[in-house]
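To keep things clear, I will list the structure first and then write my remarks on it.
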Amino acid sequence: MEKTQENLGKLETQLKQWGARLDELVAKADRAGTTARIDNRRRIDDLKAKVQAAQSKLDEVRTAGSERWETLKTGVESAWSELELAFKKLRN
């Protein structure tokens, strides 16, 4: 149980950091030119969807409790990997 709570805490912290980074990207996109803004908005919308998916997975684990952590762990890790990759792509 303690290990699960520790893992969830780390994931929650990372998700908050990504949320803050996403807010920065939205502000930057709003200041960009029209063409760049449209392209960035598309990418940001995709990123928002991935953040929401990761949050949903985290909520699912939190609701299910530690006994289901191992069962849900793969889905959480997959959501996190997709989110990390999307942030890396957006930076480039």
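To the nearest µm²/s, what D does Stokes-Einstein give for the chain at 10 °C and 1.306 mPa s, using the Kirkwood radius over alpha carbon pairs as Rh?
113
Could you work out how far apart the two model spin labels at SER81 and LYS48 are, taking each label as a point 7 Å from the Cα in the direction of the beta carbon, and quote it in nm?
Here the answer is 2.7 nm between the modelled labels.
May I ask you to list the lysines whose Cα is less than 30 Å away from that of LYS89, ignoring any residue fewer than eight positions away on the same chain?
Filter leaves LYS10, LYS16, LYS28, LYS48, LYS50, LYS57, LYS73.
FYI, it's all coordinate maths here, none of it is from the lab. Being a predicted model, the structure only gives us computed values, none of them experimental. Cβ atoms come from the backbone with ideal geometry, glycine included; neighbour counts cover every protein chain shown.
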